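Remarks on the structure that follows.
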Amino acid sequence: MSVSPVESESAGQQKQHHRIEELESVTIRFAGDSGDGMQLAGTQFTNASAVLGNDVSTLPDFPAEIRAPAGTLAGVSGFQVHFSSRDIHTPGDRLNALVAMNPAALKTNLKDLEPNGILIINSDAFGKNDLQKAGYTSNPLEDGSLKNYRVITIPINTLNRQAVAEVKMSPREVDRCKNFFALGVVYWLYERPLEATLRWIREKFAKNPAVMEANTRSLKAGYNYGETAELLPVHYRVPPASIKPGTYRKITGNEALAIGLVSATTLAEIPLVYATYPITPASDILHFLAGMKRYGVRTIQAEDEIAAIGMAIGASFGGAMGVTGSSGPGICLKAEATGLAVMTELPVVIIDVQRGGPSTGLPTKTEQADLLLAMYGRNGECPVAVVAPCSPADCFTMAFEAVRLAIRYMTPVIYLSDGYLANGAEPWRIPKVEDLPRIKVTHPTQPNSNGNGSAKFLPYKRDERLVREWAVPGTPGLEHRIGGLEKEDVTGNVSYDPQNHEHMVRTRAQKIANIANDIPELEVFGPKSGDLLVVGWGGTYGAIVTAVERAQRKGYSVAHAHLRYLNPMPKNTEQVLKSYKKVLVPELNCGQLRLLLRGIYFVDAIGLNKIQGKPFLVSEIEDKIAEILAK
Amino acid sequence: MSTVSLPTLTAKDLASDQEVRWCPGCGDYSILAQMKKALAGVGIPREKIVFISGIGCSSRFPYYMNTYGMHTIHGRAPTFATGLKVFRPDLSVWVITGDGDGLSIGGNHLIHAIRRNVDIKIILFNNEIYGLTKGQYSPTSRQGTRTKSSPLGSVEHPLRPLSIAIGAEATFVARTIDVDINHLTSILKRASEHKGTAFVEIYQNCKIFNDGVFDYATDKSVKADNTLYLEHGKPLIFGKDRNKGIRLHNLDPEVVTLDGGVSVDDLLIHDERAEEPSLAYLLSRMVYPRFPECMGVFRCIRRPTYEEQVNSQIEETIRTKGKGKLEELFASDDTWVVK
Ligand code: SF4
């Protein structure tokens, strides 16, 4: 655990009831029934902490069912927040504090709480029936099973009802405020300011004064209760982190992605057409973009996954940036159309927010098992560019990159995010618009050849990078036809010629390989050579970098490199891989990147593989590093 | 570079340099020729025309038109057309499909494009057979059709393409035949002029695998008795001697002979602009040999198109709230400054 208490007042001082301890980092999880508003409580806590200047990292965890039966284990929803005065990269391994709004939440989350951790329990939800629904045979509040924790039981329902007694609302509505009461207690416990949340309540419920008033009262009552009831002899302070100066906001991966797409296309001065079919965990991207009409974004909720990518490619044919987004099951359905975009050499960005598979799998859980699908999951020799963001904020940068590469190389780009990145949040240093790259778009207006004395447009004539021109309908004189049948080199006419086919397959592959000249080199965190290199990709970045950092502090000769470009990989990848005695590849799959590294670079990489629908704990990677280097 | 100016656009200008590769005698040739003729006459510049097709014999069509074109994947052509049209309302976008492409593998896209009323023209070549895959029965093949995949006759009940289109809330629905070249040209022109999804079914003879399946509607000796050419505002009359008509008996159509007992006033009057699609649907259900099959425009109404509505939401938002600036987008949540 990363908590190092520093007492700001000595324990001997008498003048105040509550000691304040300063902590470097805290990890807390709000857990309750999916109807208890835990996601909201967690988000508000994150905002308050971010605005206070902490570095934050979050991990929401919700059930696949929208409303599983209340009080059952299947219906538990959680939101974990790691906040710190240091630069952090993960939502935290072990919980320092857990809020459990009912027995089911306690049962499913207790194992993650550290010994002597703070356990805040809504004792009003521990009736016989509630206990039974969660499968408890005896009441954990009474049977001594919680003796290793600092338990704070609060009759939250009762106190909350008292707090809002004067507001005219139905009993049901009253009870719905109880998450704000719990939040108030936690704000007191960790000295968080209430202002940001109070403002949010005012704005959110502007049209419903009763609810606004009730939530405000609940939050304040919870805070005051914490202060006056002497819940603990101590409360905590996590000072602001010293992070790079700038203006910050909190951002989730899906938000960052949406904003990245809009930024890239706005600066490229082309329309963004986002066509998609709702699917967890990618639907939020549609929701964000549908609200961006002021930026000229056109969103299409297509009839199915195949329609969505067809619409995106059709838009690109017309000169827009066509983008489609989905998760693994949808990406499978888009395979044939992706091949068409490879053949017609049109730009299109295909977002895969990965989730647990195969088939419907674990819709709300994270996994990284679509890498080989992205690389090879199509008929024929069908290479596309593949990129993967490494943190929620990096989703902005890589969305920008995906658009840039798609346009610059006239190719589909698959963007591999995952459920953890999509829903997780961290502070994002807002870039200056003038610092962002401009993507250059050129649509030809003149024919590009003069064969037989008459000017002609040859759709498959290429530049030195092997990229063809993007001529769009409406341009006089450049009328041409493209399609999925094999193209004759240069003219683009249908061709079944054997030599031409081989030439075109190799040309398309070389075009994608050429992208390596246009992307940054693989960066190494740590020594440039040594005993062990830990190589990751995608959302495992935070856990790997933290583990490697700790291993380095312990004196191990270990470095970290993270691949954000997977096809092609950066030019120096082989050289980096071969500078270390051993290579470890932690992945949330059975070893897909490892297979690629072995196949492409003949590196005898070791795998650390976890397939539980959950991100890595830092300790899991740390232990593996120690194990390898102990040999 | 020679740009084509409108008045001089001829059918020849619309022909690409590619050799046409349908089987000799295929009905597709006539459709291609009439399409060029129709488009030469409507005054749309060549560069503004886009043909998008799926897979099948008919879907080779775009290669033969000297316009913009895209030969896409099986059944999905309407989706590409939708994505293109949504931000390029300036283009005249045509989808070329067949009975297998449009109604089997692509049925979902067909109904949803029609439902949205995207301003595209969907031309479905119905030959009641799979041609390119060498002769299996299709979703429009009549029950009992003997093919390689149905040696004892197909047991499947066929779809009526126009009934599907009307059921999907189509704003323009028409039918014509490959060999009736004047009618075909006029229907294509009407489709081109329609604002919204225009759905046209063309009976097309597959010389190789289903030759003569529409003889009842094309053979000079019988066609007048087996087809009924619709005219807006006119009674439903047909027959060699123009002495037969369609009247409504309860909720069903009925063939009657105009003699002393039945007069023209008893017959159904065709109203292609009726908001309520029931009568158009009823006409789409009239199938030979029980009834003459209707040709012409079944339905033509105006409803806002998909792209008109999408784009007007955007324009309206920009008009009332101003064009978005990236700086505002970045700061669309609580921000804080670290010094
Ligand atoms: S198989 Fe039939 S439909 Fe296809 S080209 Fe030949 S005749 Fe025409």
Summing -39500 (n - 2.57) over every DSSP H run of at least 4 in chain A, dividing by its residue total and rounding to the nearest 500, the 222 nm mean residue ellipticity is -10500 deg cm²/dmol
For the pair A:Ile66 and B:His249, the simple spin-label estimate (label points 7 Å beyond Cα toward Cβ) gives in nm 4.9
For A:Lys631, counting only lysines whose alpha-carbon sits under 30 Å away and dropping same-chain residues fewer than eight positions off, the answer is A:Lys528, A:Lys554, A:Lys578, A:Lys581, A:Lys582, A:Lys610, A:Lys614
The helix B:28-40 Cα axis meets the longest alpha-carbon principal axis of chain B at an angle in degrees, between 0 and 90 and rounded to 10, of 60
When the charge dipole of the range A:336-412 is computed with +1 on Lys and Arg Cβ and -1 on Asp and Glu Cβ about the Cα centre, the Cα farthest towards its positive end, among A:Ala374, A:Thr344, A:Pro392, belongs to A:Pro392
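Note down the relative contact order for chain A as a percent, whole number, built from C-alpha pairs under 8 angstrom at least six residues apart.
11
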Taking Cα pairs closer than 8 Å and at least 6 residues apart, the relative contact order of the range A:249-431 in percent is 29
A chain fully extended from A:Lys554 to A:Lys111 at 0.36 nm per residue, minus the present Cα-Cα distance, gains in nm 156.7 nm
Helix B:306-321 sits off the longest principal axis of the Cα atoms of chain B, rounded to the nearest 10 on a 0 to 90 degree scale, by 20
Taking r as the C-beta separation of B:Val155 and A:Ala335 and R0 as 56 Å, the FRET efficiency to the nearest 0.05 is 0.95
Quick calc, the range A:351-483, dipole around Cα centre from Cβ unit charges on Lys, Arg (+) and Asp, Glu (-), nearest 20 debye, gives 460
FRET efficiency (B:Val42, A:Lys432; Cβ distance; R0 41 Å; to 0.05) is 0.20
Compactness summary of the range B:254-307: radius of gyration and Dmax from Cα atoms, Å, are 14.3, 53
Given Cβ charges of +1 for Lys and Arg and -1 for Asp and Glu, the option among A:Ala320, A:Ile154, A:Leu73 whose Cα lies farthest towards the positive end of the dipole of chain A is A:Ala320
With a Förster distance of 35 angstrom and the Cβ-Cβ distance between B:Asp334 and A:Thr153, calculated FRET efficiency to the nearest 0.05 equals 0.60
Zone reached by a paramagnetic label modelled 7 Å from A:Val441 Cα along Cα→Cβ, restricted to the range A:281-299 with backbone N below 20 Å, covers A:286, A:289-299
Toy charge model, Lys and Arg Cβ at +1, Asp and Glu Cβ at -1: the protein assembly as shown dipole around Cα centroid in debye, rounded to 20, equals 680
Restricting to lysines and to Cα separations under 23 Å from B:Lys189, and discarding same-chain partners fewer than 8 apart, the set is B:Lys12, B:Lys36, B:Lys37, B:Lys48, B:Lys85, B:Lys121, B:Lys234
Only helices counted: for chain B, with every DSSP H run of 4 or more residues adding -39500 (n - 2.57) and the sum spread over all residues, [θ] at 222 nm is -7500 deg cm²/dmol
Contour minus Cα-Cα span, A:Leu372 to A:Glu24, at 0.36 nm per residue, comes to 121.3 nm
Other residues with Cβ under 14 Å from the Cβ of B:Ala168 give, with Lys and Arg +1 and Asp and Glu -1, a net charge of +2
In chain A, helical segments from DSSP H whose Cα atoms cover 15 Å or more along their own axis and that average at least -1.0 on the Kyte-Doolittle scale are A:38-51, A:178-189, A:209-228, A:253-268, A:305-317, A:394-409, A:541-553, A:618-630
Taking the reciprocal of mean 1/r across every pair of different Cα atoms in the range B:39-153, the Kirkwood radius in Å is 14.7
Protection proxy (average C-beta count within 10 Å per residue), highest first, orders A:494-502, A:583-591 as A:583-591, A:494-502
For the range B:141-275 the translational diffusion coefficient, Stokes-Einstein from a Kirkwood Rh over Cα pairs at 20 °C and viscosity 1.002 mPa s, in µm²/s, is roughly 125
A:Ala165 and B:Asp219 label points (each 7 Å along its Cα→Cβ direction) are spaced in nm at 9.4
Counting only backbone N atoms under 17 Å from a point 7 Å out along Cα-to-Cβ of B:Asn182, the residues of the range B:24-41 in range are B:34-35, B:37-38
Once both label points are put 7 Å beyond Cα along the C-beta direction, the A:Arg237-A:Val505 separation in nm becomes 6.9
Treating every alpha carbon of the protein assembly as shown as one equal point scatterer without solvent, the Debye formula yields log10 I(q)/I(0) values at q = 0.07, 0.08, 0.10 Å⁻¹ of -0.70, -0.86, -1.14
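Read-outs: derived from the displayed coordinates by stated rules, not from any lab. Owing to the predicted nature of the structure, the values given are computational and were not obtained by experimental measurement. Virtual Cβ from ideal backbone geometry, glycine too; neighbours counted across all protein chains shown.
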